[in-house]
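A short reminder: the numbers here are calculations on the coordinates, not readings from a lab. Values in this document were obtained by computation on a predicted structure and should not be read as measured data. Every residue, glycine among them, receives a Cβ derived from its backbone with ideal geometry; neighbour counts consider all protein chains shown.
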């Protein structure tokens, strides 16, 4: 009887060991899938007649995390509480290195995203080519002259941060310099956010989870994917201000000036941060921050932008806030005397997405949201739907405050749990459960809002046909081609660029894609325009066509291919 019992026990032990080994292999396979999807794009395979296609790394990330935890539990007898404690101890001993590894990993991830975004023609004339030509022309003696605007960039936005890219353009004259610069800034911002979480007494795992939620926030991904915008840089520098204020270093002023130099509306956020700092007891620092913000705003709005625009205020004020008044003062006064209207904006879908992306935890640290409220109300009151909905890049300067609010809220909940008379074991289990849920949330959203497509045949044909253009030729092109043509050609947006008084009939060549970005036309109007060109082979002979990509020559311009 004893021998039979020992035999069954041995069989059960071997079975458990086999399952443990399979779980370990499955966890490694999930990790390999995550790396493959991030590096190479989507993956598709079949298993026993089941067709599996992965376009994002979120599901294998969650499954791999769960399997790895189960393997550790079975192999070492460590439950979730012990695993979280061991991981936090290990990371805490390497805290500085964790910050650098986080930033480096995020940069590699984002650099791949940005490079593919540009290579697959997802960048546009407005706004990557606009920023690109402003920086490039500065190096060639035309101070921040944006080709697409036909005037100085400061006539639209006061963003002196662009001047910092000029030396980099001297080393690498390509739009990717802007794209990689933004990726590097966001990666550094995630490292700063991790340091802020640690400043508030949160564990390393929790800090990593907060950084992961920031990276995978829908509005952050939207901002990163939409070409290049200085608002994203401003978000990073605002995080730097928060970090350095709590740290008490002079770096606060460096980050403050960098943040202000990103765009003319950043003083709204820095003034709010100054008021918060004042209330929290650093009165001189708070007053000085508010004073610098006000002076910067007045200089930008009242003097620099009108001077660059030949006496006109920013064109966006009239275009997007004319329903609230004429000029900055009337818009501000209308918003101040209509508090009910302002409150209705704070419960709009865009604001719900802003807070919901962090699991509504920023409400537990609601005081950190207050500096962002003026910017939230101003953007949400715009007549432009994308801006009012905090879509594209418009929410970027607000995200640091939501992330900070989440950190404060979790630190507050942790303090509350410590004050409640709970047994240490129960408190540890609650902390481990919270960290585990945050990690699962970060893994479950990993890459959800980012594309991981591989290069298609249509993209290759776009590059091949684009290379057929002779150097120096003027080209009327679809928006996605423009950032690729600014070095060797003179590109103009199809069908016309009113700022430069150029239409497709004035250009040597016309380069279009039936499935490309039709803006400023509708897709139907673009198809109709292509069909009209095809009906005029004597005036616009078709030189090349493949995968819906068409290259026409303007015979009236006597240009040779």
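Relative to the longest principal axis of the C-alpha atoms of the chain, give the angle of the C-alpha long axis of helix 283-298, reported between 0 and 90° and rounded to the nearest 10°.
20
Classify the stretch 358-409 from the C-alpha gyration tensor, please: rounded if a/c falls under 1.5, else prolate or oblate depending on whether a/b exceeds b/c. The partial results should precede the final answer.
Values: a/c = 2.72, a/b = 2.07, b/c = 1.31.
Since a/c reaches 1.5 and a/b is larger than b/c, the shape of the stretch 358-409 is classed as prolate.
Per residue, what volume in Å³ does the convex hull of the Cα atoms of the chain enclose? Before the final figure, lay out each step's value.
Details: hull volume 108.8 nm³, N = 561.
Per-residue hull volume (Cα only) is 194 Å³.
Say R0 is 22 Å: what FRET efficiency, to the nearest 0.05, do residue 448 and residue 39 get from their beta-carbon distance? Show your work: numbers first, answer last.
On the way: r = 17 Å, r/R0 = 0.79.
FRET efficiency, residue 448 to residue 39: 0.80.
Ignoring everything except DSSP H segments at least 4 long, calculate the 222 nm mean residue ellipticity for the chain; use -39,500 (n - 2.57) per segment, divide by total residues, nearest 500.
Details: 25 runs with 330 residues, N = 561.
After summing the helix terms and dividing by residue count, I get -18500 deg cm²/dmol.
For the stretch 400-494, what D do you get in µm² per second when you plug the Kirkwood radius from alpha-carbon pairs into Stokes-Einstein at 4 °C and 1.567 mPa s? Before the final figure, lay out the partial values.
Working: Rh = 18.8 Å.
Answer, rounded: 69 µm²/s.
Say each of residue 367 and residue 287 gets a label point 7 Å from the Cα, pointing the same way as Cα to Cβ; how far apart are those two points in nm?
2.1
Once both axes come from the Cα atoms, what is the angle between helix 95-119 and the longest principal axis of the chain, in degrees from 0 to 90, rounded to 10?
Roughly 40 degrees, rounded to the nearest 10.
With a Förster radius of 41 Å, plug the Cβ-Cβ distance of residue 546 and residue 168 into 1/(1 + (r/R0)^6) and report the FRET value to the nearest 0.05.
Values: r = 35 Å, r/R0 = 0.86.
Rounded to the nearest 0.05, the efficiency is 0.70.
With the crude spin-label approximation of a point 7 Å out along Cα→Cβ, what separation in nm comes out for residue 330 versus residue 522?
About 3.2 nm, to one decimal.
Mind grabbing the base-10 log of I(q)/I(0) for the stretch 457-557 at q = 0.12, 0.18, 0.21, 0.24 Å⁻¹? Debye formula, identical points on the C-alpha positions, no solvent, two decimal places.
Result of the Debye calculation: -0.32, -0.78, -1.11, -1.51.
How long are the semi-axes of the ellipsoid equivalent to the stretch 158-267, from square roots of 5 times the Cα gyration tensor eigenvalues, in whole Å, largest first?
Details: eigenvalues 120, 60, 29 Å².
Largest first, the stretch 158-267 gives 25, 17, 12 Å.
What is the extension gain from residue 501 to residue 108, computed as 0.36 nm multiplied by their sequence separation minus the C-alpha to C-alpha distance, in nm to one decimal?
On the way: separation 393, 0.36 × 393 = 141.48 nm, distance 4.12 nm.
That pair, residue 501 and residue 108, stretches by 137.4 nm at full extension.
For the stretch 207-277, what mean projected area does the convex hull of the alpha carbons give, in nm²? Could you put the intermediate results ahead of the total?
Values: hull surface 20.9 nm².
The number I arrive at for the stretch 207-277 is 5.2 nm².
Run the numbers for residue 299 and residue 70: contour at 0.36 nm per residue of separation, minus the present Cα-Cα distance, in nm.
Details: separation 229, 0.36 × 229 = 82.44 nm, distance 5.93 nm.
Result: 76.5 nm gained on full extension.
Could you work out the Rg to Rh ratio of the stretch 39-156, with Rh taken as the Kirkwood radius (inverse of the mean 1/r over all Cα pairs)? Working shown, then result.
Numbers: Rg = 23.6 Å, Rh = 19.4 Å.
Answer for the stretch 39-156: 1.21.
With r defined as the distance between the Cβ atoms of residue 515 and residue 312 and R0 fixed at 30 Å, what FRET efficiency is calculated, to the nearest 0.05? Provide the component values of the computation, followed by the final result.
Working: r = 38 Å, r/R0 = 1.27.
Computed FRET efficiency for residue 515 and residue 312 comes out at 0.20.
What's the angle, to the nearest 10 degrees (0 to 90), between helix 204-215's Cα axis and the longest principal axis of the chain?
For helix 204-215, the angle is close to 30 degrees.
For the stretch 457-557, give me the percentage of DSSP beta bridges that are antiparallel, rounded to the nearest 5 percent. It would help to have the intermediate numbers written out before the result.
On the way: 11 of 18 bridges.
Percent antiparallel among DSSP bridges in the stretch 457-557 is about 60.
Separation of the stretch 464-539 and the stretch 296-361 by C-alpha centroid, Å?
Comparing the Cα centres of the stretch 464-539 and the stretch 296-361, I get a distance of 35 Å.
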